[in-house]
């Protein structure tokens, strides 16, 4: 056998060997994902459909001590109509895999076989207050009979807080016109830094004051002169116990026009303790605060909670 012929044969054997090893390690079929949001979630995702423009980070483990792949970004593929990692991964021929993920990919959390965690996760800026932090896990017990895609159901790690405003009553008469507006809205003494560990928040060590709205919001009425509820804002915060410094600060304006002359009746910001009725915000829950503004500087406060979906219940901050 000539030398050149012998080299070609050796190359052929090497190629066969390489193909055989690849087939043993990774069968045909890449790993893809079909994520959904657990309830309603980058700026609070509405509904249970995970947005195609969003991406997440995912790791897979054979066991607590053996990673199959780690910290790969999964993005939407319009060809597959599913999410797949930018560095394609393939199913093993056997065994099981546990998948752990967080969203959005820009959050920069830590994934281990035990779950998702983060140290000193901070919410102070508008971008942070509108970025929904989620985590998910899934297991495939028999990779030889794997699903077409891995179903990932993301749970919300933060609390959603919604603010609405309405007039307590209709005050205009035949001789005077009353105009009401909310002029400012702020939160005080809210914990803004904490550690996330497997869905639990701890070490909430820093309080922050949030300016939520500085734009006047007019209070409106329907055709029957009944007060209408106006949405002001919806933001995300760290789940936390509402401590003694936690409060809402509301600025409002009441102007009464009599015989063509305007009189300002009340324009003093009111501070309302948050922990007097509702004592904590929990992960994945939505809290609706409705501010009822009227003619007298008296504040009453009741509280209730709802799931991430709006069930129609409200936390009432009422001025009679």
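From the list 203, 209, the one residue that fits, being within 30 Å of residue 112 (Cα to Cα) and outside any loop (DSSP other than H, G, I, E, B), is 203.
A single member of 109, 180, 97, 152 is more than 15 Å from the chain's Cα centre (by Cα), within 17 Å of residue 54 (Cα to Cα) and buried (at least 17 other Cβ atoms within 10 Å of the Cβ), and it is 152.
Coordinate-derived values only; no laboratory data. In this text the structure is predicted, and so the values were computed from the model without any measurement. So basically every Cβ, Gly included, is an ideal-geometry build from the backbone, and we count neighbours across all protein chains shown.
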